[in-house]
Amino acid sequence: MIDKKYHNEDIIIYNVTKDYDDTPLSNIMNCKLKRNDIKTIIDHNADVYKEDGKLLLRFRKNILNKDNIQTFYDNIIKFATIPSNNRGSTSGSKKKNVYNNPKIMSNIIGYYDKLSPKQKFLFKQMGKPLPKITVRETRFLQEYPQHFKKTIPLIKEIDTLYKQLVPDKYNKQKKKAIQTPFRIANTSFTTITTNVNFQTTVHTDKGDDLEGFGNLVVIENGNYIGGETCFPQYGIGVDVRNGDIIFMDVHEPHGNLPIQLETSESKRLSIVCYLRKSIWEQTKGKTRKFMEKQNKTMKNIKSKL
């Protein structure tokens, strides 16, 4: 609920309070939002603060470089549209077996901190214990390094805006990022999640740095309605569109509204850049030489699959 609203030049400042406490919130966790769940949609430059004075989100429109956006899209979209079943409850699934989850277009690039089910099976088949350090290159980075390289300008731009717009959170996250060689191009990120035409359930982000701040960028190809990023407990959402960026407290419950495609070819690609907490914990203080050895080990495992 919006308590106060005022202007600071071209930015509108909001102070919000919760519409309800955590008990009714539990009824919608891991459930998909409906449009009437959200009272206010923000579509302009805005800063939103919670009742304790802490920043909930910072939204800026038309701030990203168009060439960087298009280059990222061109080099990722084929991979990003591969169906996967790795999102579990975020996709609305309550299945314990990952293979029983619904297949949605959600993928991970950069570095990751968990072995794939196939990799775990191979270790079991060989009678070997799982490695103590499970950090690895993602499939996209291993198989399409030249495409990955071309996504870097947009990732660096997001990192620069993070530093400018949320410097206190950025500095804490970057301090950790520089302690691990498994980071993307000297940014504060280790990992990128891409989602295509995917409505997530209400959730909190659990694998990222607890001291950092989340972000979301959307790249559009074709027309659609919906997909707004929402914080249901506060009754507000943000309409993030092509060229916009939002920085937000992803440890507050959030999800997005239904996406209605105007044609079968329409695509809403969302990008989330973050620091995986476990990557930092497993590899802080390690050298690039260690990283190269670890990557080689994981590639050898993959070659046996």
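The values are calculated or read from the model by the stated rules, or taken from the named source; none is laboratory data. Predicted model, so just to flag it, every value in this text is computed and none were measured. Glycine gets a Cβ as well: all are built from the backbone with ideal geometry, and neighbour counts include every protein chain shown.
Would you say SER264 is within 14 Å of the chain's Cα centre (by Cα) and in a loop (DSSP other than H, G, I, E, B)?
No: the conditions fail for SER264.
Need at least 3 residues that are touching a residue at least 40 places away in the same chain (Cβ under 8 Å) per element, so show me which strands (runs of 3 or more DSSP E) inside segment 1-75 make the cut, counting only ones lying wholly within it.
Hits in segment 1-75: 40-42, 55-60.
Condition check: of a type in the set (D, E, K, R), farther than 28 Å from PHE59 by Cβ, out of contact with any Cys (no Cβ under 8 Å at 6 or more places or on another chain) and part of a helix (DSSP H, G or I). Does LYS114 satisfy that? Can you show your working first?
Values: of a type in the set (D, E, K, R): yes; farther than 28 Å from PHE59 by Cβ: yes; out of contact with any Cys (no Cβ under 8 Å at 6 or more places or on another chain): yes; part of a helix (DSSP H, G or I): no.
Here the answer is no, as LYS114 does not meet what is asked.
Of the residues THR229, THR297, THR283, THR204, only one is over 26 Å from GLU157 (Cα atoms) and in contact (Cβ under 8 Å) with a residue 24 or more places away in the chain; which?
Working: THR229 fails: over 26 Å from GLU157 (Cα atoms); THR283 fails: over 26 Å from GLU157 (Cα atoms); THR204 fails: over 26 Å from GLU157 (Cα atoms).
Just a single option satisfies the conditions, and that option is THR297.
Of the residues that sit in segment 148-180 and are crowded, with 20+ Cβ neighbours inside 10 Å and touching a helix residue (DSSP H, G or I) at 6+ places or on another chain (Cβ under 6 Å), which one is nearest to ARG136 (Cα to Cα)?
THR180
Cβ contacts < 7 Å: first residue free of Cβ contacts under 8 Å to residues at least 60 places away in the same chain, restricted to segment 125-145; second residue assigned to a loop (DSSP other than H, G, I, E, B) and of a type outside the set (Gly, Ala, Ser), any location; separation 6+ or different chain. Result?
Cβ pairs passing all conditions: LEU130/LEU115.
For segment 171-209, how many residues meet the condition of being assigned to a loop (DSSP other than H, G, I, E, B) and either over 14 Å from the mean Cα position of the chain (by Cα) or closer than 18 Å to GLY237 by Cβ (or both)?
The total comes to 17.
For segment 210-232, name all the residues that are surrounded by fewer than 22 Cβ atoms within 10 Å (Cβ to Cβ), not in a strand (DSSP E or B) and not acidic (Asp, Glu).
LEU210, GLY222, ASN223 - these are the residues of segment 210-232 that are surrounded by fewer than 22 Cβ atoms within 10 Å (Cβ to Cβ), not in a strand (DSSP E or B) and not acidic (Asp, Glu).
Among the residues of segment 2-51, which ones are out of contact with any helix residue (DSSP H, G or I) (no Cβ under 7 Å at 6 or more places or on another chain) and either among the acidic types (Asp, Glu) or at positive phi (or both)?
Once the filter is applied, which keeps residues that are out of contact with any helix residue (DSSP H, G or I) (no Cβ under 7 Å at 6 or more places or on another chain) and either among the acidic types (Asp, Glu) or at positive phi (or both), segment 2-51 yields ASP3, GLU9, ASP10, ASP21, ASP22, ASP43, ASP47, GLU51.
Any residue that is hydroxyl-bearing (Ser, Thr, Tyr) and at pLDDT 95 or above - is there at least one of those in segment 85-99?
Let us first name the residues in segment 85-99 that are hydroxyl-bearing (Ser, Thr, Tyr), namely 89-91, 93, 99.
Filter once more, keeping what is at pLDDT 95 or above: none.
Checked segment 85-99: no residue is hydroxyl-bearing (Ser, Thr, Tyr) and at pLDDT 95 or above.
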